[in-house]
Amino acid sequence: MIWLRRLLWVLLILAVIYSVLWVAGLFVIQFALDRIKPAPLSELDALLAEEMGEDGLRFDFEDRSVSGYPFGYTITLERPSVEHTLVSWQAEDAVTARWFVFRPFSVSLDYSGTHRLNAVLQPPVQISTDKGTARVRLQPVMATREARLSLVQVGGQAVRLNLRDRPVLDIDRFAVALDIREESEPGDLMLDIFGFALSDDDQVQSRYQEMLLSLGNVEATLSTLGLGLDRPVDHLRVRTTIAPFFPLSGTNLVLRSFISRGGNALVEVMDIQQGSWRARMSARAMFGPDGRLIAQTCPLLRAGASYLPIPFMSVISLYQSAGGLDISREPIPDFALPKSIEPFTQRELCDVARTYVFDDETT
C-alpha cells in the first residue's frame with residue numbers, strides 16, 4: 001500500500017502544480033485582454049484622431065470572462081468590435097473562444113448571433129447565423145521558431161444576410177475549410193452550401209430579374225431545360241486545390257510572392273444541385289509569366305449517368321490584365337502557362353469534373 005499512497009501524493013502534487021499554472025494563465029489572459037482594450041475616448045479626442053487620419057486597428061469589447069478549468073480556457077467577449085478607417089466589424093452578441101490542453105495548437109470559436117460590417121463607400125451589411133463555429137489550427141515551424149496557419153474551418157446554420165437592413169439571401173447551412181497539412185504541400189479548399197436562396201423582398205427580386213434579363217440567351221436556354229436561375233439552389237459544393245501553399249503560409253498575405261511563384265488554383269469540381277438537375281464545372285485559374293490572371297473553365301450538365309459540356313459555354317478562357325478582361329474560346333497556349341503548371345488539354349480539364357467522386361458518393 002506504500003506505493004499507492006506515494007502515487008496519490010504524486011498525483012495530488014501534480015494537480016496542485018497544474019492548478020497554480022492554470023490560475024497564472026488566467027491572470028495572464030485577463031491582463032492581456034484588459035491591456036488591449038482601449039481607453040474610452042472623449043468626443044474631442046475622437047475628433048482629433050479622425051482629423052489626424054489615424055488608421056490603426058482598434059479592438060474593443062464591452063465585457064469579458066475567462067473560465068474552462070481544468071481542461072483549458074474559455075474566453076467570452078461581449079459585443080466585441082474591430083474598427084479601422086476602411087472597415088469595421090461589430091458583433092451584436094457574445095463571441096466565445098475555446099482552447100484545450102489536449103489540442104494545444106487549435107482554437108475553436110463560437111460566433112453565433114448577428115454581426116455588422118461597414119466598409120468605406122459601401123452599404124452596411126448585417127449577417128446573422130445560428131450555431132456559427134470556426135476552428136483555427138497552427139503548425140509550429142521549428143526551423144524558424146515560428147508558427148503558421150495550417151487549417152481554417154468555418155460553419156453555420158440558418159444564415160441570413162441583410163443589405164441596408166433589407167433581407168438579401170438565406171442559407172440553410174454552410175461549411176468551408178482551407179487545409180494545408182504540410183508547409184510544402186498545396187492547400188485544399190472545400191465549400192458546402194445547402195439551401196441557397198434569395199429573399200422574397202420586392203426590391204431584391206426586382207434587381208435580380210433585371211440581371212437575368214441581361215444574360216439573354218443563357219437564362220432563356222436554361223429555363224427551357226427546366227433549370228431556372230431564379231430558383232433556390234439545393235446544394236453547392238466546391239473542391240479546389242491551391243498551389244503553392246497560400247494564403248496560410250506565415251502570417252502575412254503577400255499576393256506578389258504568390259504570383260511570382262506561379263500561384264494557381266485548380267477547381268476540381270463545382271457541383272450544383274437544383275431539384276432533379278445537376279451541373280458541374282472545372283476550372284484552372286493561374287497567373288501567367290506576365291502577371292496576367294488566366295482562367296479556363298469547362299461547365300457540364302448531367303444527362304443520364306454522365307456529364308456533357310454545355311455547348312454555348314464550354315471551355316472559355318479569360319485573360320485579366322490592366323487593360324481589362326478578354327474572353328476567348330481558344331485553349332491557353334503553353335507559353336502563357338506558369339512554370340508550375342504542366343500543359344493540359346481541353347479534354348483533361350473537362351474530365352477533372354466529369355470523373356470526380358465525392359466522399360459521400362458510391363462509385
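The values are calculated or read from the model by the stated rules, or taken from the named source; none is laboratory data. Because the structure is predicted, anything quoted here is derived from the model rather than measured. Here the Cβ positions follow ideal geometry from the backbone for every residue, glycine too, while neighbour counts run over all protein chains shown.
Structure values in brief
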read-out: Filter result (under 19 Å from the mean Cα position of the chain (by Cα) and modelled with pLDDT under 85) within the range 260-289; value: G263
read-out: Filtered residues of the range 3-37 (kept if of a type in the set (D, E, K, R) and surrounded by 10 or more Cβ atoms within 10 Å (Cβ to Cβ)); value: R6, K37
read-out: Close pairs (8 angstrom Cβ cut-off, 6 or more residues apart or separate chains): of a type in the set (K, R) in the range 144-170, part of a strand (DSSP E or B) and loosely packed, with under 15 Cβ neighbours inside 10 Å anywhere; value: R148/V141
read-out: Some residue of the range 170-185 being touching a Pro at 6+ places or on another chain (Cβ under 7 Å), crowded, with 17+ Cβ neighbours inside 10 Å, at pLDDT 90 or above and not small (G, A, S); value: no
read-out: Number of positions in the range 319-363 that are exposed (fewer than 10 other Cβ atoms within 10 Å of the Cβ), closer than 16 Å to A265 by Cα and modelled with pLDDT of 80 or more; value: 1
